[in-house]
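A quick write-up on the structure given underneath.
The values are calculated or read from the model by the stated rules, or taken from the named source; none is laboratory data. These figures come from a predicted structure and were not determined experimentally. Here the Cβ positions follow ideal geometry from the backbone for every residue, glycine too, while neighbour counts run over all protein chains shown.
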Amino acid sequence: MKKTVLITGASAGIGKATAIYLAQSGYNVYGAARRIEKMEDLKGYGIKPVSLDVTIEESLVACVDQISKEAGSIDILVNNAGSGYYGALEDMPIADAKYQMEVNVFGAVRLIQLVLPVMRKNNFGKIVNISSVGGKVTLPMGGWYHASKFAIEGLSDALRKEVKSFGIDVMVVEPGGTKSEMVGLGTEYLKRVSGSTPYSSLAKGVKKMYANIEKDAAEPVVIARLIKEAIEAKNPKTRYVGASGAKLMLFIRKILSDKQFDKLVMSQMK
Ligand code: NDP
């Protein structure tokens, strides 16, 4: 029988590409996001779009209830929905920081809580949390984005050990630069929040660096393939790294001291 997958953030970028790739690979795929109209095209691949706002409890419960009723269970959860709002720590309103954490961390964790009872009962489950290279390395202005991804890394490590004995695997995927809507939305926000503060010239540098990353950004299907590899591995790795510059960046971070790495990053801001 086909395994049922719920992938969040399926209306754009990595999530949409993954939903299509997994559907083409024979999975029963539910794609969830707020912009249901952006998922109309997914129906052509046999994917079922579900309306979901990961920051709203009722929406999360309704999404899991609907899929459980229709498909019997959720075997694989891909926590992909995310946003990347950049701004200087001093400038960024705490309400926005909290929202960033709601989407990238609490939404993902709440979904995990909702799918775990059935996964435990089935003695089978795969949970893939989409982190980022930014879950290991940081850029200035990305404080809250990085905090959310560092949190996902730590939570995943703890969870992996909690659920292993129930037949459930937890994997982290760490993409590098990948074509999507995220950088555009994030840098628009950056301009609004830090574009005319004492951090404006650094904000320009960060924007420039992102423009460079975007030039070499990978197609989202590269990450879709990694996700498939993770969920199909008999003995999965804890982390899967891919897309533009990701492995190199993590290697450089590993061999440099904190201060050497800071220097290297700041040299790219000019
Ligand atoms: P996109 O901006 O293209 O897609 C983000 C998706 O998340 C959209 O489908 C959006 O749908 C959904 N989303 C955002 N907020 C909510 C919400 N409140 N409730 C439900 N869904 C929501 O970005 P990417 O494809 O790039 O991002 C996917 C993941 O990959 C993220 O976790 C991101 O951090 C990570 N990543 C991306 C990288 C990149 O270079 N692109 C690099 C490293 C990691 P909608 O607005 O319709 O709700």
(message) Name the single residue that is surrounded by the most Cβ atoms within 10 Å (Cβ to Cβ) among those in segment 196-216 being modelled with pLDDT of 90 or more and β-branched (Val, Ile, Thr).
(response) Val206
(request) Return the residue satisfying two criteria in turn: it lies in segment 114-152 and is of a type in the set (Val, Ile, Thr) and touching a strand residue (DSSP E or B) at 6+ places or on another chain (Cβ under 9 Å), and of such residues it is nearest to the ligand (Cβ to nearest atom). (result) Ile130
(request) Take segment 231-267 and flag every residue that is part of a helix (DSSP H, G or I), touching a residue at least 60 places away in the same chain (Cβ under 8 Å) and farther than 12 Å from Pro175 by Cβ. (result) Ile231, Arg253, Phe261, Val265, Met266
(request) Test Lys98 against the stated conditions and say whether it is surrounded by fewer than 21 Cβ atoms within 10 Å (Cβ to Cβ) and touching a strand residue (DSSP E or B) at 6+ places or on another chain (Cβ under 9 Å). (result) no
(message) Restricting to segment 22-46, give me the number of residues that are over 19 Å from the mean Cα position of the chain (by Cα), in a loop (DSSP other than H, G, I, E, B) and either within 12 Å of the ligand (Cβ to nearest atom) or crowded, with 24+ Cβ neighbours inside 10 Å (or both).
(response) 0
(message) Any residue at all in segment 88-97 that's within 14 Å of the ligand (Cβ to nearest atom) and at negative phi?
(response) yes
(message) Tell me yes or no: at least one residue of segment 168-183 is more than 14 Å from the chain's Cα centre (by Cα), surrounded by fewer than 22 Cβ atoms within 10 Å (Cβ to Cβ), farther than 30 Å from Lys3 by Cβ and within 15 Å of the ligand (Cβ to nearest atom).
(response) no
(request) Could you tell me whether segment 64-81 includes any residue that is of a type in the set (S, T, N, Q), within 30 Å of Ser196 (Cα to Cα) and part of a helix (DSSP H, G or I)? (result) no
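Which members of segment 184-208 meet the condition of being aliphatic (A, V, I, L, M) and either within 15 Å of the ligand (Cβ to nearest atom) or at positive phi (or both)?
Matches in segment 184-208: Leu185, Leu190, Val206.
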(message) Please determine whether any residue of segment 207-222 is more than 26 Å from Arg239 (Cβ to Cβ), part of a helix (DSSP H, G or I) and touching a helix residue (DSSP H, G or I) at 6+ places or on another chain (Cβ under 9 Å).
(response) yes
(request) Could you check, for segment 157-164, whether at least one of its residues is touching a Ser or Thr at 6+ places or on another chain (Cβ under 6 Å) and in contact (Cβ under 8 Å) with a residue 12 or more places away in the chain? (result) no
(message) Leu111 - would you say it is within 13 Å of the ligand (Cβ to nearest atom), assigned to a helix (DSSP H, G or I), in contact (Cβ under 8 Å) with a residue 24 or more places away in the chain and within 21 Å of Ala23 (Cβ to Cβ)?
(response) yes
(request) For Ala19, state whether it is under 30 Å from Ser196 (Cα atoms) and either modelled with pLDDT of 95 or more or part of a loop (DSSP other than H, G, I, E, B) (or both). (result) no
